[in-house]
Amino acid sequence: MDRDPIEEELASLPPHERRLAEYRLQTVLEILHRADMRVLKKWIEENPPGNSRKSARGPAGEARRPRVSSEKLQRLRAMEQRVLFVEWAKWAERTSLDDIDSPGVYLLAHFKNPPDGAADPSDHRIIYIGETCDNALRGRWRQFHRSAFQGKSGHSGGETYRETFGDRGDQLYVAAFAINDLDEDVCHIFIRYLERKLLWEFALKWGSAPACNRK
């Protein structure tokens with residue numbers, strides 16, 4: 001009778017490695033023994049023999065990686081190349097900006113006289129770089145305003161602003177990069193990536209994060 005290939009592999013190991021391998025094998029077998037077979041049963045029911053429809057899930061309940069079209073990949077790569085913030089607007093006039101009912105990334109800065117043109121996310125006068133995925137920019141700014149100027153909770157950056165500056169926001173300006181043309185499944189990933197990328201580049205240039213980015 002042929003010898004079990006696992007036993008042959010274990011027998012070829014030095015004693016100390018064999019004991020460790022046997023322990024790990026036993027652990028795996030115990031986990032499999034305790035596994036919830038309902039997942040497998042459900043998959044079998046949803047994928048009977050002869051069913052040619054491709055399931056989105058495998059026999060262990062693991063999601064299969066969806067195929068992404070080349071057009072979508074190009075669109076995702078192009079998005080990073082065309083990040084362009086709008087011009088600075090006074091905080092009191094923030095609702096005049098376009099697309100603020102979309103999610104996105106935003107900048108806050110202090111200026112006596114803001115520079116013309118698109119906002120530069122590496123400007124040393126920036127005091128906060130933020131993002132919102134599940135909320136619109138308008139709603140997230142409302143939370144910042146309540147925390148920064150009304151002493152209420154809801155926005156950690158706004159709470160830090162109140163502690164750090166304690167002013168009325170007369171020299172506070174805002175700029176945004178709204179995102180409304182990405183698929184929902186990748187939009188939040190890109191937004192969080194972009195915010196962290198901008199924070200990292202700011203820190204590399206100036207030696208620290210903006211004053212209100214403490215987290």
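A short reminder: the numbers here are calculations on the coordinates, not readings from a lab. Predicted, not measured: the structure shown is a model, and the values here were computed from it. With ideal geometry, Cβ positions are generated from the backbone for all residues, glycine too; neighbour counts draw on all protein chains shown.
General observations
- Projecting label points 7 angstrom from Cα along Cα→Cβ for Arg214 and Lys152 puts them 2.1 nm apart.
- Surrounding net charge for His155, when Lys and Arg each add one and Asp and Glu each subtract one, Cβ distance under 15 Å: +4
- Rounded, prolate or oblate (a/c below 1.5 giving rounded, otherwise prolate when a/b exceeds b/c) for the stretch 70-157 by Cα gyration tensor: oblate
- Inter-label distance for Arg168 and Ala92, nm, one decimal - labels placed 7 Å from Cα along Cα-to-Cβ: 0.8
- Label-point separation, Lys205 to His124 (7 Å along Cα→Cβ), nm: 1.1
- Packing-based exposure ordering (other Cβ within 10 Å, fewest first) of Arg140, Arg196: Arg196, Arg140
- For the pair Asp116 and Glu71, the difference between a 0.36 nm per residue extended length and the Cα-Cα distance amounts to 12.7 nm.
- Cross-link pairs beyond the 27 Å C-alpha cut-off, checked among Lys90/Lys205; Lys72/Lys205; Lys72/Lys215: Lys72/Lys205; Lys72/Lys215
- Take each peptide in 178-191, 147-160, count the other Cβ atoms within 10 Å of every residue, and average; sorted highest first, the result is 147-160, 178-191.
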